[in-house]
1. Inside the stretch 29-59, can you point out the residues that are within 9 Å of the ligand (Cβ to nearest atom), touching an Asp or Glu at 6+ places or on another chain (Cβ under 9 Å) and not aliphatic (A, V, I, L, M)?
2. Out of the residues in the stretch 91-111 meeting the condition of being among the small types (G, A, S) and within 16 Å of the ligand (Cβ to nearest atom), tell me which one is farthest from the chain's Cα centre (by Cα).
3. Of the residues in the stretch 1-28, how many are part of a loop (DSSP other than H, G, I, E, B) and near the ligand (Cβ under 10 Å from one of its atoms)?
4. Evaluate the stretch 75-90: report whether one residue or more is outside any loop (DSSP other than H, G, I, E, B), surrounded by 18 or more Cβ atoms within 10 Å (Cβ to Cβ), more than 14 Å from the ligand (Cβ to nearest atom) and among the aromatic types (F, W, Y).
Amino acid sequence: MTIFEKIIARHIPAEIIWEDNEAVAFHDVNPQAPVHVLIVPKRVVPRLADATENDRALLGKLLLVARDLAKKLDLSSGYRVVINSGPDAGESVPHLHVHLLGKRALAWPPG
Ligand code: AMP
């Protein structure tokens, strides 16, 4: 079980801010910006590279949840949505998740 499956199952705590039957969103434990939320599907897809045609609707949904949470969290001056897929991207939890970062100016290009 990944750490995110344990959070979804309520085996370990997290600061959950949104949930439905397909996904959950909670604050990142090691925030990289004043707002740093993770949006995680309940169905395990290890990473974007492993997504299939079957995951099309779910992937779209994760982005729309990011949009909705950005509005709810008042990220009106902008925000960044990130998916790390694989070792070169720094992926550390093999359970697909979308990072939503905001409330500070974010540099580009990323490190
Ligand atoms: P990634 O590096 O893209 O795989 O992102 C994994 C993210 O999960 C990192 O930003 C971690 O800080 C975050 N994380 C790891 N464990 C927890 C946890 N127990 N609760 C909340 N966030 C976590």
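Only the coordinates and a few stated rules stand behind these numbers; no lab work does. The structure presented is a predicted model; accordingly, all values stated were derived computationally and were not measured. FYI the Cβ positions are ideal-geometry reconstructions off the backbone, even for glycines, and counts take in every protein chain you see.
1. H36, R47
2. If we filter the stretch 91-111 for residues that are among the small types (G, A, S), which is where we start, we get 92, 102, 105, 107, 111.
Still in the list and also within 16 Å of the ligand (Cβ to nearest atom): 92, 102, 111.
Details: S92: 13, G102: 13, G111: 19 Å.
It comes out as G111.
3. The total comes to 6.
4. yes
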